[in-house]
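Contents: one structure, followed by commentary.
Every number here is computed from the coordinates shown, using simple stated rules; none is lab data. Computed from a predicted structure; not experimentally measured. Positions of Cβ are backbone-derived with ideal geometry, glycine not excepted, and every protein chain shown enters the neighbour counts.
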Amino acid sequence: MNQQKDFDYVVKMFHGVGIHIEEERLTHEEFAARNKKEGRPYMYATGWYADYPDPTILSMSSSTRRRGTYSERRYTSPVVDELSEKARRSLDLDERVALLQVSRRSAS
């Protein structure tokens, strides 16, 4: 998936109906600060990918406890939090995967 190509396509579509879009690249920190100060923009593209093969990297947002900007979903579950925390602390990769799978099923 190439987000820049996708974004360029959307800009081109808007341009085709007479709407001019200005692209502004921001770091995550700049975006978060502006978002907090001015509110979310009408349209934005953002992305992130797991840059190392560890299942707990994706579980950081699975915890329902409020940590910084996480847990904006207003969902809470002590069971999910406990399992996610155990997975985060475990040194055994298979155990981490198993705990995260149970956590995911518990949240469903």
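Tabulated data
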item	result
Note, ³J(HN,Hα) from phi for region 33-40, Karplus 6.51, -1.76, 1.60, rounded to Hz, x at Gly and Pro	5, 5, 4, 5, 7, 10, x, 5
Karplus 3J(HN,Hα) series, Hz, for region 82-91 with 6.51 cos²θ - 1.76 cosθ + 1.60 (x for Gly, Pro)	5, 5, 5, 5, 4, 5, 4, 8, 6, 8
Amide H partners (placed H, <5 Å) of SER77, local residues excluded	THR64
Gain upon complete extension [GLN101, ASN2; 0.36 nm per residue less C-alpha separation]	32.7 nm
Relative packing of peptides 28-37, 15-24 - highest average C-beta neighbours within 10 Å first	28-37, 15-24
